[in-house]
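K.L.:
Pasting a structure here, questions to come.
We did not get these values from a lab; they are worked out from the coordinates using the rules stated. A quick note: this is a predicted structure, and the numbers were derived from the prediction, not measured. A quick note on method: Cβ atoms are made from the backbone with ideal geometry, for glycine too, and the neighbour counts reach across all protein chains shown.
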Amino acid sequence: MKGDFSRITFDPYRHYSRVLLQQGRVQTDADFNEQADISVYLMRQLAADIIGSSGGPGDGFKIEAVTDENNQPVECDFAIHQGHYYVAGILCRNEPPGTCPPSTPGPVLYTTQPYFTPPPLEAGEHYFVYLDVWERHITYLQDDRIREVALGGPDTATRAQVVWQVKSLIPATAAWAPGPELCTTLFQTLGRLPGCLKARARVDEASTEPCIIPPQARYRGPENQLYRVEIHAGSAAIGDATFKWSRDNGSIVYPIETLKGSTATLEHLGRDDRQSLSPGDWVEIVDDTIELSGEPSPLLKVVSVSTQNRQVVLEVPEDVELPVFERTSTTNPLLRRWDQKATAVAPLTNGAVPVHENEWIDLEDGVQVLFQRGDTADYRPGDYWVIPARVATGDVEWPPEAAEEDTEAAPKALSPRGIQHYYAPLALLSVDADCIVTVEWDCRCTFRPICSPAQVRPGPGEANIPAGEIEGVGDQFAERLLAAGIRFAHEVAAMDRVRLAAILETTEARAATILENARRLVAGG
């Protein structure tokens with residue numbers, strides 16, 4: 001999340017359950033944010049433990065063929081059924097905004113889904129359709145309604161938005177046998193192992209002068225910073241990946257009013273000199289479309305800045321075609337500043353720093369990073385790490401490896417903090433020569449709510465449960481009975497014979513009552 005944060009402290013492996021404020025103490029944004037992270041993590045973990053990796057009630061996110069107003073099949077498209085679905089405990093909601101008076105909305109189509117513009121389906125192909133879920137950081141620049149206008153301009157808190165994207169994949173296998181096994185096999189191909197990062201500021205190297213501390217042996221910045229290191233161009237091949245970095249967590253942005261050619265007119269140039277733009281700075285152009293695509297935007301060098309006209313002239317490579325933005329643009333275009341600089345010993349590649357693995361790379365003021373990965377890991381655009389640097393300690397906050405006695409621990413290699421993508425299989429479909437879509441298998445995991453009208457026992461004179469519903473009721477009844485039996489077995493193991501005999505006598509009578517009630521439920525009596 002590219003917000004103006006002091007630091008990001010949540011770590012699920014610390015097993016914290018609450019943040020407790022103390023009287024008379026300084027309160028920081030990190031404390032409040034960690035409490036929110038703890039609550040969200042516990043809630044989602046509970047949902048994932050109960051539901052599984054993915055699942056939902058009813059027809060939520062069911063993939064269906066779609067027809068037009070003349071009941072003719074729609075070419076190269078399909079419908080995404082409205083409803084709810086859980087992925088890794090995250091609630092995904094496919095539902096239209098409420099209207100007054102209420103109206104019946106049409107289906108959500110694959111080609112016009114809200115958070116993604118997919119590539120077109122190809123005729124004569126088979127597809128694996130899946131759900132990609134992640135969280136996006138939203139500031140007032142993307143949604144002005146979260147800013148309190150009564151404050152006269154300043155923004156306050158930001159938001160995290162759940163983004164779901166229905167994507168399709170042409171399987172890289174010649175064997176096409178629609179069924180649960182193929183759903184599972186293709187779903188397993190979506191996982192990945194990311195590269196890791198280490199960070200440090202202190203370098204314990206012995207000095208040849210006993211009274212001189214090596215200047216590189218501490219963080220030398222004049223202010224506390226939250227460094228962000230983010231993969232720009234990803235690759236599984238060594239030497240092809242690049243990264244960019246920011247000392248302000250990438251939060252320095254300038255809303256674009258217009259962009260024509262290489263000249264951008266900005267809404268402002270920053271509130272002070274520290275947050276302004278200067279010739280030689282590296283920036284990237286982003287908007288809602290670019291951010292939701294997950295692909296990086298080219299890094300561009302600032303050539304000149306006109307403070308009077310709030311205009312910035314950019315150096316645009318010949319092979320780069322910039323979008324055109326007008327004042328009426330609705331995709332919230334921004335110019336984001338990054339802080340990497342080219343040096344004689346470390347030239348940039350298209351504005352970004354090359355990833356050299358297993359060697360320390362200097363950022364600034366003593367802060368260094370080291371990339372590390374296994375043979376099967378890769379770097380993906382958007383992977384990021386945050387590094388708090390503190391003047392008080394002259395160091396960065398980074399967890400150490402476990403060290404032996406009398407040995408200082410080295411920095412620990414950490415996976416990216418984000419962006420975390422979670423996936424769920426949805427369907428297997430085929431597209432014929434006329435680009436007509438046929439859904440061949442539903443890969444979703446569905447469940448019935450614990451309480452539903454189908455489970456209510458009819459009273460005297462009321463209609464019985466429809467025959468098609470009896471099986472589902474019976475399955476859920478059997479699951480509950482099995483769970484109760486397992487709990488009872490654990491209790492029995494801790495009982496003596498006298499207590500056990502008394503409980504068994506009572507249980508036998510209760511079992512007879514349960515059986516009779518089940519028979520009456522099916523018969524509707």
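K.L.:
Using the Cβ atoms and a cut-off under 12 Å, what net charge is assigned to the surroundings of Pro425, where Lys and Arg are +1 and Asp and Glu are -1?
P.N.:
Here the count lands on -1.
K.L.:
For a Förster distance of 22 Å, can you work out the FRET efficiency between the beta-carbons of Gln311 and Gln275, rounded to the nearest 0.05?
P.N.:
0.80
K.L.:
Taking 0.36 nm per intervening residue step and subtracting the Cα-Cα distance, what contour gain separates Thr189 from Ala157 on full extension?
P.N.:
Answer, rounded to one decimal: 7.8 nm.
K.L.:
Report the FRET efficiency, 1/(1 + (r/R0)^6), for Ala410 and Tyr41, where r is their Cβ-Cβ distance and R0 is 30 Å, rounded to 0.05.
P.N.:
0.60
K.L.:
Under unit Cβ charges (Lys, Arg +1; Asp, Glu -1), what dipole magnitude, rounded to 20 debye, does the stretch 257-313 have relative to its Cα centre?
P.N.:
Taking the Cα centre of the stretch 257-313 as origin, the dipole is about 320 debye.
K.L.:
Residues of the stretch 74-90 with the amide nitrogen closer than 16 Å to a label point 7 Å from the Cα of Asp288, along Cα-to-Cβ, please.
P.N.:
none
K.L.:
While we're on this one: May I ask you to compute the full-extension gain from Asp31 to Arg448, defined as 0.36 nm times their residue separation minus their alpha-carbon distance, rounded to one decimal in nm?
P.N.:
146.3 nm
K.L.:
Once label points are set 7 Å from the Cα along Cα→Cβ at both Glu318 and Gln420, what is their separation, rounded to one decimal in nm?
P.N.:
If labels sit at Glu318 and Gln420, their model points lie 4.6 nm apart.
K.L.:
Starting from 0.36 nm per residue, how many nanometres of slack lie between Glu223 and Val303 once their C-alpha separation is accounted for?
P.N.:
26.0 nm
K.L.:
Something else: Which of the peptides 148-160, 129-141 is most tightly packed, and how do the rest follow, judged by the mean count of other Cβ atoms within 10 Å per residue?
P.N.:
129-141, 148-160
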